[in-house]
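A quick write-up on the structure given underneath.
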Amino acid sequence: MQTHATAHNRVRAIFFLHGAAFSSWVPHIPLMQERLGLGHDELGGILLAAAIGVLAVMPIAGRLADRFGSERVVRYSGLFYFIAVGMPAFMPSYLSISIAMFALGFSGAFLDVAMNANGLQVERVKGRSIMSGLHGFWSLGGFVGAGVAAAWFALPVGNEFHLPVVLSLFLIAHVIAQAGLLTDHDATDYLAHEQDGTQSATLPSKDRNLFLMLLPFGVCAFIGQFGEGVLTDWATVFMNSELSSGPTLAAVGFAVYSFAMAATRLSGDALVTRFGRVRVLLTSSVLASLGTLILTFSPHIVVAWIGCGIAGMGLAVILPLLLSAASQTTGKGGGAVVSTIAATGYSAIMAGPPVIGAIGEAVGLVTAFALTSLFLAMIIPVYMLTMRRRLQIAGNG
């Protein structure tokens, strides 16, 4: 069996590569929009195809991860993902781009569920919170990917060569990293040995009640991921269209957002341990809402960058905090928890952009972003009404 440290480092690498690949694609969205002359509603429709791909994979990804092992699903889904990320930028028509975006959403969500399931297995074996740190490596990868894209766009090199080069490197790195992942079989054997003769610290739950137990976590995940999807897919478009920033300065803004997320997530496990999940979750909601509001009404690109940074800090730990707390509350890890929350939450990261696209086309992107800011604050009443007892059960991790 791989050592805990080796398995932890390998799953960190998988998170990093997933984030780096996705953020390498994001700066190409406004370029694609300009190349095909797409309106906000048409761009939203293309992004909706990715959301459909995400929804299509949710009923099966968790089950396959639990049945065949999360490490195997990570291995094979990653091979498809790093190819699919580069496809939309080269498609010549609305239909072909939509099909490519479906493939991107499908393969990306498949890898996302499996790597989170594997991360939960490592967390349970290590006996301490690591999920925020893993998502920190995803954001760190996002920062690196966005930074490389911004530098590439500033150089006298064709933008069409960017994705083929970086995605080829990421694919090679994925093949190397996945070989050292912790297997679900080894994790189960280790936990059975460690817990032999002890009482579980979590509440007992029946599988038929699992969805209802996880629903409040999923609702909060939906809200947070909705905001993350909007900022990820529309922030560069917003800065380019509303502030006339140009693709390079818009990419810098996304890099600031990604860096803020990475820094906060890398310290998120320590924050949760010190201040508790409740304070961290509610503070995150306030910062996410405030940062999006600053971006929305920013009079200058530098102010927009500040808004991106604050929003990144707020959105950083919402999802990993909820995944870890849900696993501890129910006593379940792996695909069962990830896929259930993903069914209500992960879909929002892809569903948010087309909704904002439709609103933006109807009443303008400024109004659409202002509504997103208000929506992000809704985590607070959801917690007050449904999650107090559940987070008390989960403790501080």
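Remarks
- Search result, residues across region 248-261 that are at pLDDT below 85 and surrounded by fewer than 24 Cβ atoms within 10 Å (Cβ to Cβ): Thr248, Phe259
- Test: Val317 is open to solvent by 10 Å² or more (accessible area, probe 1.4 Å), touching a residue at least 40 places away in the same chain (Cβ under 8 Å) and of a type outside the set (Asp, Glu): no
- Enumeration of residues in region 40-86 that are open to solvent by less than 40 Å² (accessible area, probe 1.4 Å), more than 16 Å from the chain's Cα centre (by Cα) and of a type in the set (Val, Ile, Thr): Ile46, Val73
Residues checked against (1) at pLDDT 85 or above; (2) within 13 Å of Ala114 (Cα to Cα):
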position	(1), (2)
Thr3	no, no
Ser23	yes, no
Asp41	no, no
Gly44	no, no
Ser70	yes, yes
Val74	yes, yes
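- Which listed residue is farther than 15 Å from Met378 by Cα, assigned to a helix (DSSP H, G or I) and either of a type in the set (Ser, Thr, Tyr) or at pLDDT below 90 (or both), from Leu295, Leu322: Leu322
- In this entry, Arg124 passes the filter for residues that are among the basic types (Lys, Arg), open to solvent by 30 Å² or more (accessible area, probe 1.4 Å) and either in contact with a Gly (Cβ under 6 Å, 6 or more places away or on another chain) or at pLDDT 85 or above (or both).
- For region 191-209, the criterion of being modelled with pLDDT of 75 or more and not in a loop (DSSP other than H, G, I, E, B) is satisfied by no residue at all.
Per-residue answers, yes or no, for (1) modelled with pLDDT of 80 or more; (2) in contact with an Asp or Glu (Cβ under 9 Å, 6 or more places away or on another chain):
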| site | (1), (2) |
| --- | --- |
| Ile356 | yes, yes |
| Leu376 | yes, no |
| Val382 | yes, no |
| Arg389 | no, no |
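- Close pairs from region 171-187: first among the hydrophobic types (A, V, I, L, M, F, W, C), partner open to solvent by 20 Å² or more (accessible area, probe 1.4 Å) and in a loop (DSSP other than H, G, I, E, B), Cβ under 7 Å, at least 6 apart: Leu182/Gln2
- Selection from region 1-39 of residues that are surrounded by 19 or more Cβ atoms within 10 Å (Cβ to Cβ) and of a type in the set (Ser, Thr, Tyr): Ser23, Ser24
The values are calculated or read from the model by the stated rules, or taken from the named source; none is laboratory data. No experiment lies behind these values; they were computed from the predicted model shown. Counting neighbours? That spans all protein chains shown, and the Cβs are built from the backbone with ideal geometry, glycine included. Quick note on the areas: whole protein, heavy atoms, side chains included, nothing else; ligands and nucleic acids left out. Shrake-Rupley method; radii C 1.70, N 1.55, O 1.52, S 1.80 Å.
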